[in-house]
């Protein structure tokens, strides 16, 4: 009984839950589940371009999910991946529109600027937490809105391309686009960068001292503090790194798929990333597979909406339910707040 | 000048009211020891439920009741998750936010056959709106009285500080948390209903626009007290109103940058106050 329960509260349960609830959502919309799932699967895995779109979504989800997982591992809630994605993407798009360098350094600079932008956005919350003890949940949430409106202001004002109809930066020249990974799809090599980051994080967690300190801070903050780990410093660095990964994700969307920046960059990837990180058990490698699973839902959801008339928003309800179910597991030491404060006071 | 001041004051009251309701919900929930990040979703549920009920019955009062009911129902979900299943409250709250926003968007397509926004419905009108503004102040006083002048309030606060002490007094702390979080949802639902059928007469996707999160900042800024939360919500409402008034007076100001104002205000407030205030000792800790 206990084993069955622990299995059901894990990824297997999540998938079962998705299938059951999707069926309900489809029937409510007047579509038989068989037709609905056929549309979802065909729309996400039914051919080269469909698989391409699924992997595009996988890549877009993988960056912020790895960032969220990193912060979680350190005992921190980064709910600001959405804003970090936007700031990173905005910096990359703005730089790409004005640079005149050869392609390789230009793209590298764009990606790094994405990481700097997202990292800076995460570091604000980290600094507020470490120095001022401001709850990072609320600060990262607020920073999402600030990022959204500031980037919106910028693409409506200073960064707006004179040739553009809507609010967006100028298109990048084609040689500033990240190379395509699978021909005749929109998939860029950005996904390889994401996988490399996942492998790097796995190494960090398992084999390095900072990774150990980070996990210690997340799992037993009091013990970590007593063993000389500088919790305030670790706090802002973890949130900055978390934001940097998400921000680089924003930059890869800009140079890889969108080829310009606008605020429609992300349909909530930063929030879905929480579900992905939890389903992936906060393990970088498992998060890659979880991203693929959610990539299927995102890409297939669009197809399902078009061909089976099931509103795509049903997917978000299901993602939320997955989060709710998985929340029953312990991720973060519940007392971390006060321990960080104690560490700063001592 | 006086007309401008009058406009600013009235607009501040209207903009602050949904935040006040949600913040009162935040106070009661956190005082019982449950952090309610799901306030935002509960507001959306309340706003959507109110519009649906008003649409089908043409009775905005029933809409209001439905909004409160929807908020309470979602609050009950978090209450069960936080007590019986001892979930991580932040994670569960974010799940609830996704469910509510997605569910409302899904419902719009199913019921109105149009994405983005509902049709216009019967609203509470100007009188109803100002009544609810006044009721927000009454609710603040009522919650203050309940929390500080009744045995139940004392027990709720004790549950938020030390549930084990409540248990050793022969009471079940989980019951206080259940009711407190459900009530919290009802308040948030009322705030959402204010947005959709008092201030406006429709539901549109994203209309809560982070007010549930701002309310959480108001809870902290208000030091976890009803009147403190009311004051903080009024400050944040002022910034929302300022944004509108400034936009009207000085059209050269960029509207998008001004929209960031309330969120920046909440951030600054959070940065300025925390460290000097103390949360309930068991806030966010499952019992």
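Please state which of the following conditions residue B:172 fails to meet, knowing it meets all the rest: (1) surrounded by fewer than 24 Cβ atoms within 10 Å (Cβ to Cβ); (2) within 21 Å of residue B:38 (Cα to Cα); (3) away from chain A (no Cβ under 14 Å).
(2)
For residue A:240, state whether it is closer than 19 Å to residue A:152 by Cα and away from chain B (no Cβ under 14 Å). Full working, then the answer.
On the way: closer than 19 Å to residue A:152 by Cα: no; away from chain B (no Cβ under 14 Å): yes.
No; evaluated as a whole, the condition is false for this residue.
All but one of (1) loosely packed, with under 14 Cβ neighbours inside 10 Å; (2) under 25 Å from residue A:55 (Cα atoms) hold for residue A:178; which doesn't?
Here residue A:178 clears every test but (1).
Please enumerate the residues belonging to region A:300-319 that are farther than 23 Å from residue B:94 by Cα and not in a helix (DSSP H, G or I).
A:309, A:310
For residues that are within 24 Å of residue A:124 (Cα to Cα) and assigned to a helix (DSSP H, G or I), tally how many sit in region A:223-241.
The total comes to 13.
If I go through region B:50-90 residue by residue, how many of them are in a helix (DSSP H, G or I), more than 18 Å from the chain's Cα centre (by Cα) and within 14 Å of another protein chain (Cβ to nearest Cβ)?
First, the residues of region B:50-90 that are in a helix (DSSP H, G or I): B:50-57, B:60-83, B:89-90.
Next cut, more than 18 Å from the chain's Cα centre (by Cα) only: B:52-57, B:60-62, B:80-83.
Filter once more, keeping what is within 14 Å of another protein chain (Cβ to nearest Cβ): B:80-83.
Number of matching residues: 4.
How many residues does region B:244-264 hold that are more than 9 Å from every other protein chain (Cβ to nearest Cβ), in contact with a helix residue (DSSP H, G or I) (Cβ under 8 Å, 6 or more places away or on another chain) and either in contact (Cβ under 8 Å) with a residue 12 or more places away in the chain or part of a loop (DSSP other than H, G, I, E, B) (or both)?
Our first condition is that a residue be more than 9 Å from every other protein chain (Cβ to nearest Cβ); within region B:244-264, this holds for B:244-253.
After this cut, where a residue has to be in contact with a helix residue (DSSP H, G or I) (Cβ under 8 Å, 6 or more places away or on another chain) as well, the list is B:244-247, B:249, B:253.
Okay, now just the ones that are also either in contact (Cβ under 8 Å) with a residue 12 or more places away in the chain or part of a loop (DSSP other than H, G, I, E, B) (or both), so B:244-246, B:249, B:253.
Here the count works out to 5.
Mind counting the residues in region A:60-110 that are in contact (Cβ under 8 Å) with a residue 40 or more places away in the chain, assigned to a helix (DSSP H, G or I) and surrounded by fewer than 24 Cβ atoms within 10 Å (Cβ to Cβ)? Steps first, please.
Start the filter on region A:60-110 by keeping residues that are in contact (Cβ under 8 Å) with a residue 40 or more places away in the chain, which leaves A:60-94, A:96-97, A:99, A:103, A:106-107, A:110.
Restricting the remaining residues to those that are assigned to a helix (DSSP H, G or I) gives A:60-73, A:81-94, A:96-97, A:103, A:106-107, A:110.
Still in the list and also surrounded by fewer than 24 Cβ atoms within 10 Å (Cβ to Cβ): A:72, A:94, A:97, A:103, A:106.
Number of matching residues: 5.
Can you pull out the residues in region B:73-98 that are more than 24 Å from residue A:145 (Cβ to Cβ) and buried (at least 24 other Cβ atoms within 10 Å of the Cβ)? Reasoning before the result, please.
Here is the first cut: in region B:73-98, the residues more than 24 Å from residue A:145 (Cβ to Cβ) are B:73, B:76-77, B:79-87.
Hits for region B:73-98 are B:79, B:81, B:82, B:87.
Tell me which of these residue A:134 doesn't satisfy, since it passes every other one: (1) within 14 Å of chain B (Cβ to nearest Cβ); (2) surrounded by fewer than 24 Cβ atoms within 10 Å (Cβ to Cβ); (3) outside any helix (DSSP H, G or I).
(2)
Please go through region A:151-199 and give me each residue that is within 14 Å of another protein chain (Cβ to nearest Cβ) and touching a residue at least 40 places away in the same chain (Cβ under 8 Å), ordered by number. Walk me through how you get there before you give the answer.
Pass one, region A:151-199, residues within 14 Å of another protein chain (Cβ to nearest Cβ): A:151-160, A:166-168.
The answer is A:151, A:152, A:154, A:155, A:159, A:166, A:167, A:168.
Can you confirm whether residue A:323 is crowded, with 22+ Cβ neighbours inside 10 Å, within 7 Å of chain B (Cβ to nearest Cβ), at pLDDT 90 or above and under 30 Å from residue B:161 (Cα atoms)? Spell out the reasoning first.
Working: crowded, with 22+ Cβ neighbours inside 10 Å: yes; within 7 Å of chain B (Cβ to nearest Cβ): yes; at pLDDT 90 or above: no; under 30 Å from residue B:161 (Cα atoms): yes.
Here the answer is no, as residue A:323 does not meet what is asked.
Please specify each residue of region A:28-44 satisfying the condition of being touching a helix residue (DSSP H, G or I) at 6+ places or on another chain (Cβ under 6 Å), touching a residue at least 12 places away in the same chain (Cβ under 8 Å) and more than 14 Å from chain B (Cβ to nearest Cβ).
A:35, A:39, A:40, A:43, A:44
When region B:110-128 is examined, which residues are found to be touching a strand residue (DSSP E or B) at 6+ places or on another chain (Cβ under 8 Å) and either surrounded by fewer than 13 Cβ atoms within 10 Å (Cβ to Cβ) or assigned to a strand (DSSP E or B) (or both)? Walk me through how you get there before you give the answer.
Looking only at region B:110-128, we keep the residues that are touching a strand residue (DSSP E or B) at 6+ places or on another chain (Cβ under 8 Å), and these are B:116-118.
Of everything in region B:110-128, those that are touching a strand residue (DSSP E or B) at 6+ places or on another chain (Cβ under 8 Å) and either surrounded by fewer than 13 Cβ atoms within 10 Å (Cβ to Cβ) or assigned to a strand (DSSP E or B) (or both) turn out to be B:116, B:117.
Output the residues belonging to region A:259-295 that are assigned to a loop (DSSP other than H, G, I, E, B) and closer than 19 Å to residue A:144 by Cα.
Start the filter on region A:259-295 by keeping residues that are assigned to a loop (DSSP other than H, G, I, E, B), which leaves A:259-262, A:266-268, A:280-283.
Passing the criteria: A:261, A:262, A:266, A:267, A:268.
Residue by residue through region B:268-287, note down the ones that are in a helix (DSSP H, G or I), free of Cβ contacts under 8 Å to residues at least 40 places away in the same chain and at the interface with chain A (Cβ under 7 Å from one of its Cβ atoms). Show your work before the answer.
Taking region B:268-287 first, the residues in a helix (DSSP H, G or I) are B:268-273.
Checking which are free of Cβ contacts under 8 Å to residues at least 40 places away in the same chain leaves us with B:268, B:271-272.
B:271, the sole residue that qualifies.
Looking at (1) over 22 Å from residue B:160 (Cβ atoms); (2) within 14 Å of another protein chain (Cβ to nearest Cβ); (3) buried (at least 20 other Cβ atoms within 10 Å of the Cβ), which is the one condition that is false for residue B:237?
(2)
The values are calculated or read from the model by the stated rules, or taken from the named source; none is laboratory data. Owing to the predicted nature of the structure, the values given are computational and were not obtained by experimental measurement. Reconstructed Cβ throughout: ideal geometry from the backbone, glycine too, with neighbour counts over all protein chains shown.
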